[in-house]
Amino acid sequence: MPATHPAAAGPVDPAAPPAGGAPSAGQHAAPHAAPHAPGAPWVPAATAPVHHTADLPRGAIWAPGVMGRTWREYGYLFLVLLLAPFAFGYAVIATVLPPSVAVTVVGLFVAGWVIVGGRIWSALYRGMARGMLGTSIAAPMPRRRSRGFWRRLGSLLGDAPGWRGVAFNALSLPLAILGFTVPTTFLAVALGGVTHWYWYRFLPLQEASDGSLHRGASFGTDYFIDTPPRQWILIGVGLVAFLIWHRLTLGFAHLFRLLSTSLLGPTTSSLRVAHLEQTRGTAVTDADARLRRIERDLHDGTQARLVAVAMQIGDARDRLAHAPDADPSTVGLLDDAHGALKETLTELREIARGIHPPALDGGMAVALETLAARSSLPVTVDVDLPARPAPEVETIAYFAVAELLTNVVRHSGASGAYVRVEQVDGVLRVRVRDDGHGGARLGLPGASGGSGLPGLADRVATVDGALDVDSPEGGPTVVTVHLPLSATTR
């Protein structure tokens with residue numbers, strides 16, 4: 001099977017912070033955006049996971065907003081407890097399923113999608129953290145699509161954000177049980193202690209060891225909360241328990257906040273890779289735009305001036321040739337200069353065409369038809385694109401076809417070639433087929449020196465493209481180039 005590389009996929013924007021929020025002390029604020037072309041998606045240039053915690057109300061329990069925050073985070077603990085059994089069960093299935101179905105191989109795809117489903121759980125918990133904990137966490141990098149059976153299977157089973165979501169599900173159950181039951185116990189003590197003075201009268205009578213009857217909560221056999229001093233003591237205990245509930249709720253919520261920011265967002269390495277890919281794509285785009293400007297300057301400036309000089313030399317030669325006292329040697333020199341200047345113009349046009357083919361301004365179909373018309377072999381071109389790719393991708397695709405058609409003419413012994421350009425699953429696919437004797441081989445990547453199929457593979461790799469070569473002995477040869485639709489989107 002031909003070697004393939006994963007198709008590129010685009011990163012997503014991090015979740016926006018809550019309105020009016022600002023980074024609190026000790027939290028990572030959203031980083032500066034990487035330089036990118038207009039219209040390109042924003043990719044964080046971060047070296048730490050991106051999350052943003054709003055300025056949450058702090059201070060004494062009676063301070064403005066503090067109780068609202070406490071009840072909101074207590075609601076988060078309750079909601080997490082409701083979800084925790086299902087999340088834990090999902091984590092168990094995701095962990096047990098791959099080895100259970102490994103013998104079937106195909107069943108591993110089901111297990112892989114279960115692992116990828118951990119991303120959905122992560123998104124759910126990120127939304128809860130944003131709405132109830134005041135913490136906005138960036139989504140992890142999107143899953144890259146892969147071509148090929150084993151590569152696709154590996155990308156599913158090895159999906160790191162999915163596994164982190166599964167890990168969060170597994171850890172959330174014990175923490176949710178502890179995080180809700182312990183504060184709830186103190187809240188129950190607080191509510192019971194503060195209101196005991198009212199509802200104790202509805203309790204059944206209890207007999208003490210001396211035979212006396214009492215109502216109210218009892219501690220031991222003879223201590224009953226049924227006198228005003230004891231009621232006040234219980235109210236004080238209730239108030240202390242309420243303060244403890246308040247601090248425990250915030251503490252357990254913060255543990256979930258730390259767990260969420262650790263497992264549900266992008267990792268440092270994935271952010272770094274995304275940033276490097278974005279800056280590399282921007283560099284490719286800028287380089288292509290710069291080459292286009294050079295080609296225009298050569299065409300509109302240097303070539304135009306050389307054409308004018310050639311016309312002047314030709315006019316001077318013609319006038320001198322018709323003069324009665326013309327020196328034949330001078331006329332010959334002018335004729336040689338005129339011929340050399342025309343050859344220089346031809347070479348300059350070829351150089352400009354090598355920098356950026358003017359035919360590409362009319363689109364891929366026009367450019368490839370022009371390229372096919374210049375070939376010494378019959379070439380059929382079929383272009384089916386719903387929209388034009390980015391200019392830098394069009395340029396790479398054009399030169400890829402040019403290089404492949406040159407190889408067909410020089411090395412294949414073919415009687416013709418077929419070029420097919422189409423968009424498949426969000427990827428530009430360029431396929432060149434010939435009926436030659438086959439035997440084409442792709443050398444080691446990066447060791448090409450810039451020529452032939454290895455050089456083409458190096459050029460395609462600059463935008464995370466892939467080059468597949470299928471060329472058995474005796475032919476036919478099919479070379480397929482996979483390119484993203486833009487160098488700045490992954």
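The values are calculated or read from the model by the stated rules, or taken from the named source; none is laboratory data. Not measured: the values here are computed from a predicted model. Neighbour counts run over all protein chains shown; Cβ positions are idealised from the backbone, glycine included. Just the protein is used for accessible areas: all its heavy atoms, side chains included, with ligands, DNA and RNA removed. Shrake-Rupley method; radii C 1.70, N 1.55, O 1.52, S 1.80 Å.
Within region 203-218, the only residue that satisfies the criterion of being out of contact with any Leu (no Cβ under 9 Å at 6 or more places or on another chain), at pLDDT below 80 and under 23 Å from Ala190 (Cα atoms) is Ser218. Suppose we keep only residues that are of a type in the set (A, V, I, L, M, F, W, C) and buried (at least 18 other Cβ atoms within 10 Å of the Cβ) within region 400-412. Which one would you say is nearest to Pro484 (Cα to Cα)? Among those residues, the one meeting the criterion is Ala400. For region 133-142, state whether one or more residues are within 24 Å of Gly465 (Cα to Cα) and either more than 17 Å from the chain's Cα centre (by Cα) or among the aliphatic types (A, V, I, L, M) (or both). For region 133-142, residues within 24 Å of Gly465 (Cα to Cα) and either more than 17 Å from the chain's Cα centre (by Cα) or among the aliphatic types (A, V, I, L, M) (or both): present. Within region 149-187, the set of residues being within 22 Å of His254 (Cβ to Cβ) and of a type in the set (Gly, Ala, Ser) comprises Gly165, Ala167, Ala170, Ser172, Ala176, Gly179. Any residue in region 190-207 that is of a type outside the set (A, V, I, L, M) and more than 20 Å from Leu234 (Cβ to Cβ)? There is at least one residue in region 190-207 that is of a type outside the set (A, V, I, L, M) and more than 20 Å from Leu234 (Cβ to Cβ). So in region 423-454, with the set limited to residues that are at pLDDT 75 or above and at positive phi, which one is most open to solvent (accessible area, probe 1.4 Å)? The qualifying residue most open to solvent (accessible area, probe 1.4 Å) is Asp425. Annotation: Val103 fulfils all but one of (1) closer than 30 Å to Leu243 by Cβ; (2) over 28 Å from the mean Cα position of the chain (by Cα); (3) open to solvent by 40 Å² or more (accessible area, probe 1.4 Å); the unmet one is (1).
Only one of the listed residues (Ala340, Ala316, Ala274, Ala310) is at pLDDT 70 or above and surrounded by 16 or more Cβ atoms within 10 Å (Cβ to Cβ). That residue is Ala310.
For region 413-422, which residues satisfy the criterion of being under 13 Å from Val379 (Cα atoms) and open to solvent by 10 Å² or more (accessible area, probe 1.4 Å)?
Ala414, Ser415, Gly416, Ala417, Tyr418, Arg420
For region 208-223, the count of residues that are open to solvent by less than 60 Å² (accessible area, probe 1.4 Å), acidic (Asp, Glu) and outside any helix (DSSP H, G or I) is zero.
Taking the condition at pLDDT below 85, more than 33 Å from the chain's Cα centre (by Cα) and not in a helix (DSSP H, G or I), does Ala326 pass? When the stated conditions are applied, Ala326 passes them.
Take the conditions among the β-branched types (Val, Ile, Thr), farther than 13 Å from Leu263 by Cα and surrounded by fewer than 17 Cβ atoms within 10 Å (Cβ to Cβ) and apply them to Val110. Does it pass? Spelling it out, Val110 is indeed among the β-branched types (Val, Ile, Thr), farther than 13 Å from Leu263 by Cα and surrounded by fewer than 17 Cβ atoms within 10 Å (Cβ to Cβ). Within region 182-201, no residue satisfies the criterion of being β-branched (Val, Ile, Thr), open to solvent by 60 Å² or more (accessible area, probe 1.4 Å) and in contact with a Leu (Cβ under 8 Å, 6 or more places away or on another chain). When the residues of region 237-269 are filtered to those that are open to solvent by less than 30 Å² (accessible area, probe 1.4 Å) and either among the small types (Gly, Ala, Ser) or not in a helix (DSSP H, G or I) (or both), the one that is nearest to Arg58 (Cα to Cα) is Ala253. Looking only at region 361-369, decide whether some residue is part of a loop (DSSP other than H, G, I, E, B) and either over 28 Å from the mean Cα position of the chain (by Cα) or at pLDDT 85 or above (or both). Checking region 361-369: at least one residue is part of a loop (DSSP other than H, G, I, E, B) and either over 28 Å from the mean Cα position of the chain (by Cα) or at pLDDT 85 or above (or both). Close contacts from region 409-426, counting a first residue that is in contact (Cβ under 8 Å) with a residue 60 or more places away in the chain and a second that is part of a loop (DSSP other than H, G, I, E, B) and surrounded by 14 or more Cβ atoms within 10 Å (Cβ to Cβ), with Cβ to Cβ under 6 Å and a gap of 6+ residues or different chains, come to Ser412/Gly436; Ala414/Asp435; Ala414/Gly436; Gln423/Leu385.
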